[in-house]
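The values are calculated or read from the model by the stated rules, or taken from the named source; none is laboratory data. The shown structure was predicted, so the numbers you read here are calculated from the model rather than taken from an experiment. Note that we place each Cβ from the backbone using ideal geometry, even for glycine, and neighbour counts take in every protein chain shown.
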Amino acid sequence: MDITIYFFFNLSLIIILLFILILYIGCSNNLKSYIIFATIFSFISLVICFILPYRFNDGIILDLRLIPFTIGGLYVGIGPLLGLFIIIVRGIYGLNSGFFYTSIMIVIFSLIFWKMSPWFLKKTSKSRVIIATGMSLIISIFLIIFFELNQQPYPVFDTVFDIVFGYLIIQPLGVAIIAIIIEIVCKSLYLRRHLVKTKRLEVVEKMAAAISHEIRNPLTAAIGFVQLMQDETITKDKSDQYLSILKSELNSAEKVIQNFLNFSKPQIETIELLDVNEELQFVVNTLQPLAKKSMVTIDTKFEATIQIMGDRQSFHQCFVNIIKNSIEAMDDGGTITIEVESSQTNHLIRIQDTGKGMTAEQIEHLGEPYYSTKGESGTGLGIMVAYNIVRAMNGTISVKSEVGNGTTFEFAFPTEGFKIS
């Protein structure tokens, strides 16, 4: 059983090497690296087989070199290179009958694999595994025949069984296992790339739908008022009123477009020293009419003057979106509490409402393209823009919420300011 033990040990080392390279392929997430790693696997596996052979006698060396030779020859198409490497290394062990027979067999199957590889790669996954296993079995049969013809005197039964089991069972089994692993890995990488591509297309579709939905309303209204203005009987007062409404609708459309541009890359146009309390109070004053209409009270708890470096307009846009969402989350009125604190490393802004709250799944999707907790009535643009503005200012956002018990947004900005990348 010595040969069987040697073969199983060598096969385990080859499989361990394969798993190590699979980890690298998974980290690189690049199908082009498959060829490089497969080539490396084939050559290193051959080295392992030659380092740990079973020397039956001076003329015959037994190992599992045909496993990497078959895998590399069929899957990568480098049969001639692997064959040349095998012949050179085998020659180091001695130029005897075993060497010459090995050389002839390797040359023949190197050319066969080289010609088969393009055809082989076009087959289905299941067919490739069967073909690779079958080719390994055919080569193993040739090796058994050579072994039988070169043994004088005839070896004992246990030894023959050991060799036959090693070459006709272990070697094809090893090729089958490795081929199956390769097919699974390739399929996983393909599915990952397909999933990423599908997600990107899905985002594009949703963004296109959002643009269409948001811009259609103001443009439709604008077109209607343009048609009304074409009536020569309207008075100047009516014309001025229509022009004012038309301008307002076009501004709304422009603002939607700007929100989409800010989603991809927020425009941090100027960097200046901002008084956090003063800027937040400005935002609160801006939203007071909406808050009163919705029966919402906004309380502020500001510490001593806190300053950060940032863009005033972007800062306003971010917190207008967040506080406006909090107001809209309280259908029956409620309270919004805005707190400002400071630590040695961060300035903290905490916005807490008593609204309907969110589930853990909803929190996880906040900031994703076209995701809104308002259903069809929302586009998710405001929260997307807010998240990107905070990131552009090197800040972070954490959200805590419970259904029925409100939501808390906590913003952390570094005390040293930020740099525009």
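Select, from 156, 203, the only residue that is over 23 Å from residue 67 (Cα atoms), under 36 Å from the mean Cα position of the chain (by Cα), surrounded by fewer than 17 Cβ atoms within 10 Å (Cβ to Cβ) and at pLDDT below 75. Going through 156, 203 in turn, the sole match is 203. Within region 344-368, restricting attention to residues that are hydroxyl-bearing (Ser, Thr, Tyr) and more than 23 Å from residue 199 (Cβ to Cβ), the residue that is surrounded by the fewest Cβ atoms within 10 Å (Cβ to Cβ) is 345. Applying the set (1) within 14 Å of residue 358 (Cβ to Cβ); (2) within 28 Å of the chain's Cα centre (by Cα); (3) of a type outside the set (Ser, Thr, Tyr); (4) modelled with pLDDT of 85 or more to residue 395 leaves exactly one unmet item: (1). Residue 232 meets the conditions (1) over 24 Å from residue 408 (Cα atoms); (2) modelled with pLDDT of 80 or more in every case but one. The failed one is (2).
For the residues 193, 216, the requirement of being more than 30 Å from residue 10 (Cα to Cα), modelled with pLDDT under 80 and not assigned by TED's automatic domain parsing to the domain that holds residue 37 singles out 216.
Filtering region 169-190 to residues that are modelled with pLDDT under 85 and either more than 16 Å from residue 19 (Cα to Cα) or not in a helix (DSSP H, G or I) (or both) leaves only 190.
Of the helices (runs of 4 or more DSSP H) lying entirely inside region 46-142, the ones with 1 or more residues being under 21 Å from residue 164 (Cα atoms) are found at 66-71, 97-121.
Looking across region 111-125 at every residue that is over 21 Å from residue 170 (Cβ atoms) and in contact (Cβ under 8 Å) with a residue 40 or more places away in the chain, the one that is nearest to the chain's Cα centre (by Cα) is identified as 125.
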